[in-house]
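Enquirer: My structure is below; once you've seen it, I'll send some questions.
No value in this document is a laboratory result; all are computed from the given coordinates. Computed from a predicted model, the values in this text were never measured in an experiment. Note that we place each Cβ from the backbone using ideal geometry, even for glycine, and neighbour counts take in every protein chain shown.
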Amino acid sequence: MARTLTKIFRDTVATRGGRSAVQFREQGTWRSLSWLELAAKGDIVAAGLIGLGIEKGDRISILGNTCLEWILADLGVMMSGAATVTIYQSNTASECAYIISNSESTIVFAEDQEQVDKLKSIRDDIPSVQKVIVFTGKGDGEWVVSLDEVMAQGEAALAADANLVTKREELITSDDLICLIYTSGTTGLPKGVVLTHENMGYEAESVENVRILSEEDVQLLFLPLAHVFAQVLKAAWIATGHQLALTSMDTLLDDMVEVRPTLMASVPRLFEKVYTGVVGKVRSATGLKGALGNWALDVGDEMAQRCIDGGTPGGLKWSLAKRLVFSKNAATLDEKFGGRLRFFVSG
């Protein structure tokens, strides 16, 4: 049986300690937290949630884009023995109401005031929600509290009982729910997909056991953590102890050069757009350069088919195509990707 993701996280913290765990932008400047610092903040959030009455097995929704606060909230939920319910920031108010109500979430983390306003507009439809915790901004003194307030309460709780979170973690088993992710609902009402610690622990340990990632790797993550693929990437990060750099589509290209990742994952559509753009530019070129580029692409297609058929690329045409075209373009792309990229993962 796989370890719980909580246990995997603690094991990584014990072995990686002072190494950088997560990198993020703060007022335009890159900052980082070590594994020990990340764990300490996660403990504080967990203690704050326990202070708000969260029990093992409760559901807590997170509504927002990928950011450091999302990670901290998720860790706090996990350490408190509760389960994360993921919601896209782009979901409509009615969609949020359905997911929150159906999952019986008692607390909702919201990214900003825009999301808080969305939740306030559906308050009558989500009676199970006792508190909304906003990442940025202030509370309203009643239903909405800030993450800073919750963390301040968590620090006070840990000062009174240093083992508060540890005692809760000891109750977590592999069969317990860790995450609830809802389908898109294109063929009917969205359905909550149940993921247990066993499920995510298996994913995490599988990546760890392949041993293709190490603490030296840097993953650049822009995918929404509301998506199951990003949750798997998060589990892999926790298990292998590499560094996670958080970005967005708006700054992705610049951040690739600055962060110089070794690993990046995306959905197929992005890779299709990059491929179509590069190939389209070559196919539309004219003159000698266009003729050479089109010839090289045809050779590449031939070699790709050879690989599909179980062979290996080779021969004079392949050598010439690599030397005259592919090597030059590869160097340019490599530079734009930061110069260290080892894995582009599609899922």
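Enquirer: Out of all DSSP beta bridges in the stretch 13-158, what portion is antiparallel? Express it as a percent rounded to 5.
Expert: Approximately 25 percent, going by the DSSP bridge assignments.
Enquirer: Given 0.36 nm per residue, what is the gain on full extension from N329 to S34 after removing their alpha carbon distance, in nm? Write down the numbers at each step before the final one.
Expert: Numbers: separation 295, 0.36 × 295 = 106.20 nm, distance 3.67 nm.
So the chain would gain 102.5 nm between N329 and S34.
Enquirer: Considering only Cα-Cα distances, which of the following residue pairs are longer than 26 Å: K7/K120; K191/K273; K118/K191; K138/K191; K7/K56?
Expert: The pairs that break the limit, which is 26 Å between Cα atoms, are K7/K120; K191/K273; K138/K191.
Enquirer: How many angstrom separate the Cα center of the stretch 239-306 from the Cα center of the stretch 164-212?
Expert: Centre-to-centre (Cα) distance: 32 Å.
Enquirer: How do F344, F9 rank when sorted from fewest to most other Cβ atoms within 10 Å of their own Cβ?
Expert: So the residues, fewest neighbours to most, are F344, F9.
Enquirer: By counting other Cβ atoms within 10 Å of each Cβ, how are L180, L38, L297, L288 ranked from fewest to most?
Expert: Listed from fewest to most nearby Cβ atoms, that is L288, L297, L180, L38.
Enquirer: Using alpha carbons only, how many angstrom separate the centre of the stretch 1-18 from the centre of the stretch 20-77?
Expert: Each part's Cα centre sits 16 Å from the other's.
Enquirer: Of V228, I126, T29, whose Cα points farthest to the positive end of the dipole of the stretch 5-266 (charges on the beta-carbon: +1 Lys, Arg; -1 Asp, Glu; origin at the Cα centre)?
Expert: The residue sitting farthest along the positive end of the dipole is V228.
Enquirer: Follow-up. What is the percent of Cα-Cα separations in the stretch 225-265 that go past 12 Å?
Expert: On the way: 519 of 820 pairs.
Taking all Cα-Cα pairs of the stretch 225-265, the fraction more than 12 Å apart is 63 percent.
Enquirer: Quick check: net charge around R31, other residues with Cβ under 14 Å of its Cβ, Lys/Arg +1 and Asp/Glu -1?
Expert: Details: positive: R25, K41; negative: E26, E37, E69, D255, E258.
Local charge sum for R31: -3.
Enquirer: In debye, nearest 20, what is the charge dipole magnitude of the stretch 268-338 about its Cα centre with +1 on Lys and Arg Cβ and -1 on Asp and Glu Cβ, if you could check?
Expert: That gives the stretch 268-338 a dipole magnitude of about 240 debye.
Enquirer: If you don't mind, another one. List the lysines whose Cα lies under 20 Å from the Cα of K317, skipping any in the same chain that are fewer than 8 positions away.
Expert: Cα-Cα hits under 20 Å: K289, K328.
Enquirer: While we're on this one: What is the fewest-to-most order of D58, D117 by other Cβ atoms lying within 10 Å of their Cβ?
Expert: Going from sparsest to densest Cβ surroundings: D117, D58.
Enquirer: To the nearest 20 debye, what is the magnitude of the charge dipole of the chain about its Cα centre, counting +1 on the Cβ of each Lys and Arg and -1 on the Cβ of each Asp and Glu?
Expert: Working: 34 positive and 44 negative charges, 320 e Å.
Rounded to the nearest 20 debye, it is 1540 debye.
Enquirer: Below 13 Å, Cα to Cα, which aspartates and glutamates can K281 reach? Residues fewer than 8 away in the same chain don't count.
Expert: Of all the aspartates and glutamates, none pass the test against K281 - Cα under 13 Å, at least 8 places apart if same chain.
Enquirer: Ok, one more. Report for the chain the percent antiparallel among DSSP-assigned beta bridges with both residues inside it, nearest 5.
Expert: 25
Enquirer: Please express the shape of the stretch 268-338 as an equivalent ellipsoid: the semi-axes are the square roots of 5 times the eigenvalues of the C-alpha gyration tensor, given largest first in whole angstrom.
Expert: Rounded to whole Å, the semi-axes are 19, 17, 13.
Enquirer: Which of the peptides 142-150, 79-87, 240-248, 223-231 is most tightly packed, and how do the rest follow, judged by the mean count of other Cβ atoms within 10 Å per residue?
Expert: Sorting 142-150, 79-87, 240-248, 223-231 by mean packing, highest first, produces 79-87, 240-248, 223-231, 142-150.
Enquirer: Now for a separate question. Per DSSP H run of at least 4 residues, take -39500 (n - 2.57); add these up for the chain, divide by its residues and hand me the 222 nm value, nearest 500 deg cm²/dmol.
Expert: Details: 14 runs with 169 residues, N = 347.
Value at 222 nm, helices only: -15000 deg cm²/dmol.
Enquirer: Does anything in the stretch 98-112 have its amide N under 17 Å from the 7 Å Cα→Cβ label point of D124, and if so which residues?
Expert: Label zone hits: 98, 101.
Enquirer: I'd like to know which of I60, G76, I238 lies farthest towards the positive end of the charge dipole of the chain, counting +1 on Cβ of Lys and Arg and -1 on Cβ of Asp and Glu.
Expert: So the residue furthest toward the plus end is I238.
Enquirer: What relative contact order, as a whole-number percentage, does the stretch 5-266 give when Cα pairs under 8 Å and 6 or more residues apart are counted?
Expert: 21
Enquirer: Can I ask one more? For the chain, take the convex hull of the Cα atoms, compute a quarter of its surface area, and give me that in nm², please.
Expert: The number I arrive at for the chain is 20.6 nm².
Enquirer: I've got another one for you. If each residue of separation counts as 0.36 nm, what is the full-extension length gain between K56 and N209 once their alpha-carbon separation is subtracted?
Expert: 52.1 nm
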